[in-house]
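Values in this text are rule-based calculations from the coordinates and carry no lab data. Because the structure is a prediction, the values reported are computed rather than measured. Virtual Cβ from ideal backbone geometry, glycine too; neighbours counted across all protein chains shown.
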Amino acid sequence: MTRRVQLFIATSLDGYIAGPGGDLAWLFHDADYGYTPFYARVDTVLMGRRTYETALSFDPWPYAGRKAVVFSRRGELVVASPDTVATARTPADVVAELRARSGDNLWLVGGGTLAQAFFDAGLVDDLIVSIHPLLLGDGTPLVPPATRRTALTLVGERRFPSGLMQLAYRVERDGAATRD
């Protein structure tokens, strides 16, 4: 079975994954929102340097028990655990290497620039987006402008009492993805 690259991410209704200055205080923490069963099927997390630096501020380290690959153009970082590696390699090279090994799914944690690189390289298999019912007005977009057009098929939806809506999509591979 192929290890799937899954982007499991929260966004505001107007499409921001972080507010101005990287603000995450708006994220709902009142329920699990499917995180625990999702995380149980992941053995490796993939993230950009800025997302990694934000995660370092959390106590405890949120990815304990998982391998972490941090994409950094410099390729050098202070690592949070022996299971964390930094790389300046391309997402395509890293994903090909990880898929050649046995294991569980790969979680593309973020951020927006890395998500764009993964979409542009055709590496994302699934997108699970938790839409928070609020408008931030500014911040880090879910996907930056000029990200390759990618066709998605809705495979699931969940509504929560908080007003949060979670949509699950499978990425189409039949040539439907093009750049405008």
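List of remarks:
- Residue in the range 16-26 that is surrounded by 16 or more Cβ atoms within 10 Å (Cβ to Cβ) and of a type in the set (Val, Ile, Thr) present: yes
- Qualifying positions in the range 114-130 - surrounded by fewer than 18 Cβ atoms within 10 Å (Cβ to Cβ) and among the hydroxyl-bearing types (Ser, Thr, Tyr): none
- In the range 46-78, the residue that is surrounded by the fewest Cβ atoms within 10 Å (Cβ to Cβ) out of those that are assigned to a loop (DSSP other than H, G, I, E, B) and in contact with a strand residue (DSSP E or B) (Cβ under 7 Å, 6 or more places away or on another chain) is Glu76.
- Looking only at the range 136-168, residues that are of a type in the set (Gly, Ala, Ser), in a strand (DSSP E or B) and out of contact with any Gly (no Cβ under 7 Å at 6 or more places or on another chain) come to 1 in all.
- Residue pairs meeting the criteria (Cβ under 6 Å; at least 6 apart or on separate chains; first in contact (Cβ under 8 Å) with a residue 40 or more places away in the chain, in the range 55-74; second surrounded by fewer than 17 Cβ atoms within 10 Å (Cβ to Cβ) and of a type in the set (A, V, I, L, M, F, W, C)): none
- Residues that are surrounded by 11 or more Cβ atoms within 10 Å (Cβ to Cβ) and assigned to a loop (DSSP other than H, G, I, E, B), drawn from the range 79-102: Val79, Ala80, Ser81, Asp83, Arg89, Thr90
- Scanning the range 153-175 for residues that are of a type in the set (Gly, Ala, Ser) and either closer than 17 Å to Phe38 by Cβ or in contact with a helix residue (DSSP H, G or I) (Cβ under 9 Å, 6 or more places away or on another chain) (or both) yields a count of 2.
- Exclusive hit being in a helix (DSSP H, G or I) and in contact (Cβ under 8 Å) with a residue 60 or more places away in the chain, set Leu114, Leu123: Leu114
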